Amino acid sequence: MTNPIPKISEAEWEVMKVLWNRSPLTANEVIEALQNVTAWKPKTIRTLLNRLVEKQAIDINRDGKVFAYFPLVQEDECRRAEADSFLKRIYGGAFKPMLVHFIKEEKLSPDDIKELRSILDEKS
C-alpha cells in the first residue's frame, strides 16, 4: 500500500517546485532560489522546509554537517491529488460540469480547441 499524498499548501508548493526542478538542495540553496521569486525571509523558507519534512513530502540527506533536501513525492502525483481534491470540493466529484465551466469561461485559441478535440478523440 502506498502512502497518501500529503496536502501541500500554496506556499509549500513553491518550495516543492524548487526541489522538483533540482535536488538535492541545501536549505541555503532553496532560500537562494526562492528569494528570486518571493519576498519571504530565510526563516519562513526554513519553516516551510520543516513542515514538508513533517508531512513526509520531502526528506533530508544528512551528509556530515551538510543537510540536503529532496522530494519524496512526484510533482505529477501531487498535481493529480490536488485536482481530485478540487474536483470533489467544488464540483462534487463530477468532472463534466467542471470541464464545461472552464470551456465556456476561458478564451480558447484555435490551437487550444484543436488540442482538446484531439484529446477527446483519443478517449473515444
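Quick rundown of the values:
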{"item": "Test: residue in region 1-13 that is among the hydroxyl-bearing types (S, T, Y), outside any helix (DSSP H, G or I) and under 15 Å from the mean Cα position of the chain (by Cα)", "result": "yes"}
{"item": "Failed item, numbered, when S23 is tested on (1) part of a loop (DSSP other than H, G, I, E, B); (2) open to solvent by 80 Å² or more (accessible area, probe 1.4 Å); (3) under 20 Å from Q74 (Cα atoms)", "result": "(2)"}
{"item": "Region 87-124: number of residues that are part of a helix (DSSP H, G or I), open to solvent by 80 Å² or more (accessible area, probe 1.4 Å) and of a type in the set (S, T, N, Q)", "result": "0"}
{"item": "Members of region 46-62 found to be under 21 Å from I5 (Cα atoms) and not in a loop (DSSP other than H, G, I, E, B), listed by number", "result": "T47, L48, L49, N50, R51, L52, V53, E54, I58, D59, I60, N61"}
{"item": "Every pair of residues 6+ apart whose Cβ atoms lie under 9 Å, when the first sits in region 50-77 and is within 14 Å of N21 (Cβ to Cβ) while the second is acidic (D, E) and part of a helix (DSSP H, G or I)", "result": "Y69/E29"}
{"item": "Qualifying positions in region 41-76 - modelled with pLDDT under 95 and among the aromatic types (F, W, Y)", "result": "F67"}
{"item": "Unique residue being under 17 Å from R80 (Cα atoms), surrounded by 13 or more Cβ atoms within 10 Å (Cβ to Cβ) and β-branched (V, I, T) when the list is I45, I60, I5, I31", "result": "I5"}
{"item": "Filter result (in contact with a helix residue (DSSP H, G or I) (Cβ under 6 Å, 6 or more places away or on another chain) and either part of a helix (DSSP H, G or I) or exposed (fewer than 12 other Cβ atoms within 10 Å of the Cβ) (or both)) within region 65-86", "result": "E75"}
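The values are calculated or read from the model by the stated rules, or taken from the named source; none is laboratory data. Note that the structure is predicted; figures quoted are calculated from it, not measured. Please note: Cβ atoms are built from the backbone with ideal geometry, for glycine as well, and neighbour counts cover all protein chains shown. We work out accessible area using only protein heavy atoms, side chains counted, and drop any ligands, DNA or RNA first. Shrake-Rupley method; radii C 1.70, N 1.55, O 1.52, S 1.80 Å.
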